[in-house]
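One structure is given here, and the rest of the page talks about it.
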Amino acid sequence: MKSARLLLFAVIFAGLNSFAAAQVETRPARQVPADESGLVGDWRGESVCVVRDSACRDEDSLYHLAKLAGKPGWFSMKLDKIVDGKPVTMGTTECSYDSAKRALTCEFPRGVFRFTIQANKMAGTMSLTDGTLWRKLALNKSS
């Protein structure tokens, strides 16, 4: 009797699990195209300091990417941090995009940003000119 109940429970559980799995709608993640056009626009997320005992502070970030005219594979990136709900511009830099690696590299006087793009997410780092990892960034493409 006990083994029959266990068997019945297992059959019911397996059936419910299969039913629940069938009910889940599977939608592919919105993909940023591998070509340059998918990068243009606003990317928002967090910029977290790696060097804690420093002047670095965690920030909510909003980065604006625009193609550079006459320079295929190159972008302008305007960097804003969000302070009291409003964007404060920190600067603008130029970035090169490697579509094969889906990688964006932005060199500037203090260091370099390196990003990889997957679907509508951009993950990256900021390193200083001496190689010190300064920030980790996680951004999402804004609609």
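The values are calculated or read from the model by the stated rules, or taken from the named source; none is laboratory data. Bear in mind the structure is a predicted one, so any value in this text is a computation, not a measurement. For neighbour counting, all protein chains shown are included, and Cβ atoms are generated from backbone atoms with ideal geometry for every residue, glycine included. All accessible areas refer to the heavy atoms of the entire protein, side chains included, with ligands and DNA or RNA removed. Shrake-Rupley method; radii C 1.70, N 1.55, O 1.52, S 1.80 Å.
Odds and ends about this structure:
- Rg and Dmax, both from the Cα atoms of segment 30-128 and both in Å, are 13.5, 42.
- Distance between segment 36-52 and segment 126-143 - C-alpha centres, whole angstrom: 7
- Positive-end extreme of charge dipole, segment 71-131 - chosen from 82, 112, 100 (charges on Cβ): 100
- Between residue 67 and residue 128, residue separation times 0.36 nm minus the direct Cα-Cα distance comes to 19.5 nm.
- For residue 126, the shell of other residues with beta-carbons less than 14 Å away shows a net charge of +1, using +1 for Lys and Arg and -1 for Asp and Glu.
- Simple Cβ-charge dipole of segment 29-133, Lys/Arg +1 and Asp/Glu -1, about Cα centre, in debye nearest 20: 200
- Rolled with a 1.4 Å probe across the full set of protein chains, the surface gives residue 44 an accessible area near 110 Å².
- Accessible heavy-atom area order of 74, 43, 134, highest first, probe of 1.4 Å: 74, 134, 43
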